[in-house]
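Below you'll find the structure I mean.
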Number of protein chains: 2
Amino acid sequence: MFGYRGKYIRVDLSTSQIEIESLSDEFLRKYIGGVGIGAKIVYDETTPETDPLGPENVLAAFTGPYTGTRIPSSSRNHVVALSPQTGIFGEANVGGSWGVQLKRSGFDGVVITGKSATPVYLWISDEKVELRDASPVWGQDAYDSAEWLKGETDKRATAAVIGQAGENQVRYASIPHIGKIVRSAGRTGMGAVMGSKNLKAMVAYGTMPLSFADEDALNESVKNLVPHVRDATDDFRRYGTAGGVEKYEYMGNFPVKNWQGSRWKEGAEKISGVRMHDTILTKNKSCRGCVISCVRHVKIDEGPYAGLDAEGPEYETIGTMGGECLVDDLDAICMANDLCNRYGLDTISTGASIAFGMEAYDKGLITIEDTDGLELVWGNAEAMVEMVHRIAKGENIGKLLGLGTKKAAEELGGNAIEFSVQVKGLEPSAHDPRRFWTQALSYATAARGACHNRSWAHPYELGLSLPEMGLDKPQKSYELEGLAEYVSKLQNFQTLNDTLILCRFAQVGGAISLANTVEWYNMITGFDLSVEELVAVGERIFNLKRMFNARLGISRKDDFLPPRFMTHNRDKELKTQLPPIGQMLNEFYAYRGWDEIGIPTKEKLAELELSELNA
Amino acid sequence: MFGYRGKYIRVDLSTSQIEIESLSDEFLRKYIGGVGIGAKIVYDETTPETDPLGPENVLAAFTGPYTGTRIPSSSRNHVVALSPQTGIFGEANVGGSWGVQLKRSGFDGVVITGKSATPVYLWISDEKVELRDASPVWGQDAYDSAEWLKGETDKRATAAVIGQAGENQVRYASIPHIGKIVRSAGRTGMGAVMGSKNLKAMVAYGTMPLSFADEDALNESVKNLVPHVRDATDDFRRYGTAGGVEKYEYMGNFPVKNWQGSRWKEGAEKISGVRMHDTILTKNKSCRGCVISCVRHVKIDEGPYAGLDAEGPEYETIGTMGGECLVDDLDAICMANDLCNRYGLDTISTGASIAFGMEAYDKGLITIEDTDGLELVWGNAEAMVEMVHRIAKGENIGKLLGLGTKKAAEELGGNAIEFSVQVKGLEPSAHDPRRFWTQALSYATAARGACHNRSWAHPYELGLSLPEMGLDKPQKSYELEGLAEYVSKLQNFQTLNDTLILCRFAQVGGAISLANTVEWYNMITGFDLSVEELVAVGERIFNLKRMFNARLGISRKDDFLPPRFMTHNRDKELKTQLPPIGQMLNEFYAYRGWDEIGIPTKEKLAELELSELNA
């Protein structure tokens, strides 16, 4: 099938056996790629008894039909496994170049099972696959390890490589993907799954050309669109994702003081993307082939973090490590961000867990004896940076906070669960669901927990449209009518994007339409699918993920918002409104064809050709 | 102090020691009686480690200053202990005549601690108190036991006596109080606490007169008001509490099919108080000295329950055993009600737990193997009656359902928690919070769990007023504005009524005003307290109960409504609306002077002279 290799690598680390397995055309049409294939394989090969950190967990990293094309913002891949952080469906989408290297090596994906007796890494290059000893870099950070791995393999290779956090099985350890730049599969602890399997890295370098059904048409279409993408993303290129800090603070979307606070203008200004641009930014960089170039590179010349010369923090990182911790020191946030890249830690859960720790300290549930003298107080930049070290190493109070806020709150007892801000065990991104009701419903219903990205609804609420799906105009703020349909459609659409795979930022400014997306898919594969047919695949996979979780006991009771999101901001200036989550869910389930407790009905599953699934 | 004996009985069952302790004037002014004294004593004498079914639990049964006066609807008492059903503050208010007998024996209350080695009962009469052997009736039902106890003591005595359910420590076992009529301290498992202590009964008979500060004025005032009370409660006397069945079904307030259903007109008609009146009612009866006479007595002449000649079911019992179980057989409900009185089971939790069991059976979580062949299907009257036996005896699936719906759902697993309709472990009364938002907030915030009675707000929402507290007109349906204040004031007021002690039904028709209530208190005690001062005691005790629970870990997270109450009735005909519980709680906490997670602030505690309490 055009646009695919039609085969993937299967590695059983317990036996060191490597197999090449094929993907049928039917399977690829049904699940397309990325999250679709990953979710189906992990669903089929795990059970409700599977321990996320045991050898029986399955990690699936897949590309999509877009990977390796010239489509801008498409050099990505998707990682799926049972999550050690949430205990349910885990997934992370990552940029960089690893997916392209894998696909150019002749494979659409990798499936890892079992556990190696000693540290190993996987080396993939032009149809050759081997397991090699990783002992020399076990215990080393992701940067140093990547450097060594490239030396052992190919300087041009990309390494999906864990740091010490993944080795230590910190529940929200990430998988940094290191080529020319560093991008991480951050969320739900995919790095801990690699660590539990003694798999230090998956390194890939490929040179084999790909073929597409109508390559000329594809390249012509892409070429015509690129200038528009460039134009539409000018601000984004200039300030990166962090450009949103001041705007979102003004709107009441930015998290402050573990979501307790409201306005924090003076702080936001000091840590914004504009400030970064005007002070420490040295260049912007991009994932392979991307014309947006949102990646920051910063250099710090003075102060306690002088000498730091590394990638800069994203909006989400500034929101959690800055806003949530009340840290208005941009240098410290850059330092903590770089440490997360080195150790291999999800910056969102790291920052959010530290903020949770600060509130627990503030409330006397964690004392200075627990922190071994560290003053874990709001705004203490030094303590925030120090906590990243401790979380990665599992030292002292870092061991507790490394569990994530839900498990940490359970351990702490008292009233800690009241300020553990998470859904299904995952800390939210830096977008306030009291400001964007579309995100309230998204947080409650995303398979991996409080994730804004699985609908990416707030930019739509702010002005983007999707006319091909009937979303001509934005959902009105604080309006229940039409909300369930609006969010559902965006979820189906973004799930499709996670299969193709196309970066969310391709949607910025509206330069790439869904019509383009579908056209490209057809040019790549030679099919002639309609928008409806392709979006139906998104819906299928969204439901597959729901069934994955339903089998693990997830239902309506878990589609909650944490107490803090049910509480108004105290500052009346921000006219945010509490989301009526009960009504939202009813209408959402009804629209989705799910039953009263949020389980897809047999009729819906049949319609989606998923009748084989059982909750 | 006038209106009190100023002393209470303290029994340590572990040592068989009986002490008479005094109550200071200051203490009585601060806590008045009933729930106030009980809550303070149990708070002081238990800890977060206390096992509700262990010897260290403390059971306090107290009268109030009204007990023993001629004030209509005042012959009641209040029982407090740590609840074996919810694990938190347990309480039950009960009519009949036991409180009057106790007070006329020279005591305001009884406090029980420890555990007896063998079954005993307490015999109280005219300042004499003794523990006696109850072995002859251990294992017998409450009726037979009461008969024997009266034979051993005095035919005119009243026995607060548990049946087999209390002995078996069924989590929601009641304490039937049996004199001329049977009234039960039904909720939160107070009967199981007695059972765990090997205390079969507390029997009282007293003849000592009471004196009041201005007895003539009191009797004159009461005498003048009695005709008005009689007039105002005419319908209530005719049809009893069950008179509400059809009206509430019509309104969307009546529970149907474990709260899944909506309209059930044909069923409601068959089991209503009107139907009872027109068919099987033989007489109505009353608690001692009450002019309302809401108690039913029924006699069944034919069919499977022919021969039943017993007290008839209340509205709540018909709601749970009838509506929730879809049982439209009034005779069967009467039978099950009588069995609950005999075994000593709370009819609300019994009916609700059976309904939960029927839904679990319907959904395949309980099978016919589990029920030993019993078809636990909706509307199976015979199965409903049979389940009462099994719950009391802890037989078969009855053991599971005897845990209450929360613990039973946890045991069952799967999605059972989704249809476990309870708050803090207590099943709601038969009033739908989707119909009465005042009750939604009441369910979420009552100390003992989903209780409608601690605010008794729905009759106020339907027309009663309380001008002395500024509640001139009813809270509008489905309106958030003013709701928190409205419910808070009613809670404070009803808490006051639970100290004095005055039956809720004295409020029916509005014949007895708060001004009367305060006047009577002053005539009894000789004080000159204002409405505000007296209501402030209600607020104090409401906060004391909250602090009792806060010490046990209760906070905002527990002030929830179960998923089913967040779901619309499917039948659009009933225009009930989902309560926005998050917003309700915020405004409630703010009005009450509680913090963001629902803990009374230090300032509020100081204002209420409760600074010694700690959460």
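The values are calculated or read from the model by the stated rules, or taken from the named source; none is laboratory data. All of these numbers come straight from a predicted model, not from anything done at the bench. Here Cβ is always computed from backbone atoms with ideal geometry, including for glycine, and neighbour counts include all displayed protein chains. All accessible areas refer to the heavy atoms of the entire protein, side chains included, with ligands and DNA or RNA removed. Shrake-Rupley method; radii C 1.70, N 1.55, O 1.52, S 1.80 Å.
For region B:37-60, list residues with backbone N below 16 Å from a point placed 7 Å from the Cα of B:Glu21 toward its Cβ?
Residues passing the 16 Å test: B:37-47, B:56-60.
Quick check: the distance between the Cα centres of region B:422-495 and region B:158-179, to the nearest angstrom?
Each part's Cα centre sits 29 Å from the other's.
Putting +1 on Lys and Arg Cβ atoms and -1 on Asp and Glu Cβ atoms, find which of A:Gly195, A:Cys451, A:Gly425 reaches farthest to the positive end of the dipole of the protein assembly as shown.
Of the candidates, A:Cys451 comes out farthest on the positive side.
Once A and B are treated as a pair rather than alone, how much accessible area drops out, both sides summed, in Å² to 100, probe 1.4 Å? Spell out each step's value before the answer.
Numbers: alone 20710 and 20660 Å², together 39310 Å².
Rounded to the nearest hundred, the buried surface is 2100 Å².
On full extension of the chain, what length is gained from A:Glu395 through A:Glu410, given 0.36 nm per residue of separation minus the C-alpha to C-alpha distance? Don't jump to the answer; show the numbers that get you there.
Values: separation 15, 0.36 × 15 = 5.40 nm, distance 1.89 nm.
My answer for the length gained is 3.5 nm.
If you don't mind, there's one more thing I want to ask. Where nothing but the Cβ of Lys and Arg (+1) and of Asp and Glu (-1) is charged, how large is the charge dipole of region B:437-607 around its Cα centre, in debye to the nearest 20?
Numbers: 19 positive and 21 negative charges, 159 e Å.
I would put it at about 760 debye.
Continuing with this model, one more query. Answer rounded, prolate or oblate for region B:493-615, using the Cα gyration tensor with square roots of eigenvalues a ≥ b ≥ c: rounded when a/c is under 1.5, else prolate when a/b is larger than b/c, else oblate. Kindly include the intermediate steps, with their values, before the conclusion.
Values: a/c = 2.77, a/b = 1.29, b/c = 2.15.
Oblate.
Follow-up. Distance cut-off 26 Å, Cα to Cα: go down the list A:Lys257/B:Lys557; A:Lys399/A:Lys424; B:Lys363/B:Lys407; A:Lys7/A:Lys115; B:Lys393/B:Lys557 and report the pairs above it.
Numbers: A:Lys257/B:Lys557 20 Å; A:Lys399/A:Lys424 20 Å; B:Lys363/B:Lys407 18 Å; A:Lys7/A:Lys115 23 Å; B:Lys393/B:Lys557 34 Å.
Going by Cα-Cα distance, B:Lys393/B:Lys557 fall outside the 26 Å limit.
Suppose we keep just the DSSP beta bridges with both residues in chain B; what percent of those would be antiparallel, to 5?
Numbers: 46 of 57 bridges.
Approximately 80 percent, going by the DSSP bridge assignments.
For labels at A:Ala117 and B:Ser611 in the simple 7 Å Cα→Cβ model, what's the distance in nm?
7.0
According to the square roots a ≥ b ≥ c of the eigenvalues of the Cα gyration tensor, what is the shape class of the protein assembly as shown, taking rounded for a/c under 1.5, prolate for a/b larger than b/c otherwise, and oblate for the remainder? Please list the in-between numbers first.
Numbers: a/c = 2.33, a/b = 2.06, b/c = 1.13.
Here the protein assembly as shown falls in the prolate category.
Another question, if that's okay. Please give, to one decimal in nm, the separation of the simple spin-label points placed at A:Glu532 and B:Tyr250, each 7 Å out from Cα toward the Cβ.
The two pseudo-label positions are separated by 4.8 nm.
Which whole-number percentage describes the relative contact order of chain B, with Cα contacts under 8 Å and a sequence gap of 6 or more? All intermediate terms of the calculation are to be shown ahead of the outcome.
Details: 1474 pairs, mean separation 89.8, N = 615.
Relative contact order for chain B comes out at 15 percent.
Could you give the dipole magnitude of region A:7-204 about its Cα centre, charging the beta-carbon of Lys and Arg +1 and that of Asp and Glu -1, in debye to the nearest 20? Write out the running numbers ahead of the final one.
Values: 21 positive and 22 negative charges, 153 e Å.
Computed charge dipole of region A:7-204: roughly 740 debye.
Another one. Once you keep just the Cα pairs under 8 angstrom separated by 6 or more residues, what percentage relative contact order results for region A:7-204? Write out the running numbers ahead of the final one.
Working: 522 pairs, mean separation 45.2, N = 198.
With pairs under 8 Å counted, the relative contact order is 23 percent.
For region B:329-397, state the semi-axes of the equivalent ellipsoid (square roots of 5 times the eigenvalues of the alpha-carbon gyration tensor), sorted largest first and rounded to whole angstrom.
Details: eigenvalues 73, 32, 21 Å².
After scaling each eigenvalue by five and taking roots: 19, 13, 10 Å.
Turning to a different aspect of this structure: Averaging sequence separations of C-alpha pairs under 8 Å and six or more residues apart, then dividing by the length of region A:437-607, give the relative contact order as a whole percent.
Working: 180 pairs, mean separation 40.9, N = 171.
Dividing the mean separation by the residue count of region A:437-607 yields 24 percent.
Efficiency by 1/(1 + (r/R0)^6): what FRET value for A:Glu573 and A:Glu382, r their Cβ-Cβ distance, R0 = 25 Å, to the nearest 0.05? Don't skip to the end; give the middle numbers.
Details: r = 31 Å, r/R0 = 1.24.
Approximately 0.20, to the nearest 0.05.
Looking at the axis that maps chain A onto chain B, which chain A residue has the closest Cβ, and how far off is it in Å, rounded to a whole number?
A:Pro580, 3
Name the residue farthest towards the positive end of the dipole of the protein assembly as shown from the options A:Pro119, A:Val161, B:Phe505, assuming +1 on Cβ of Lys and Arg, -1 on Cβ of Asp and Glu, about the Cα centre.
Of the listed residues, the answer is B:Phe505.
Dipole magnitude of region A:522-581 about its Cα centre, charges +1 at Lys/Arg Cβ and -1 at Asp/Glu Cβ only, in debye to the nearest 20?
In debye, rounded to 20, region A:522-581 gives about 520.
For a label point 7 angstrom out from the Cα of A:Lys270 toward its Cβ, which stretches of region A:325-351 have the backbone nitrogen within less than 20 Å?
Under 20 Å, as judged by backbone N against the label point of A:Lys270, lie A:325-338, A:351 of region A:325-351.
Find the accessible area per residue for the protein assembly as shown; the probe is 1.4 Å, ligands and nucleic acids are left out, and the unit is Å². Walk me through the numbers before you get to the answer.
Values: 39310 Å² over 1230 residues.
Accessible area per residue: 32 Å².
Can you bin chain A into rounded, prolate or oblate? Criterion: square roots of the alpha carbon gyration tensor eigenvalues sorted a ≥ b ≥ c, rounded for a/c under 1.5, prolate for a/b above b/c, oblate for the rest.
Values: a/c = 1.31, a/b = 1.13, b/c = 1.16.
Here chain A falls in the rounded category.
Now for a different question. Once the Cα atoms of region B:7-204 are picked out, what are the Rg and Dmax in Å?
14.9, 43
So what is the 222 nm mean residue ellipticity for chain B from helices alone, if each DSSP H run of at least 4 adds -39500 (n - 2.57) and you divide by all residues, rounding to the nearest 500 deg cm²/dmol?
On the way: 23 runs with 231 residues, N = 615.
For chain B, the value works out to -11000 deg cm²/dmol.
Assume the label is 7 Å from Cα along Cα to beta carbon: what separations in nm does A:Thr47 have to the matching positions in the other copies?
4.5
Please give the Cα centre distance for region B:336-402 versus region A:190-236, rounded to the nearest Å.
60
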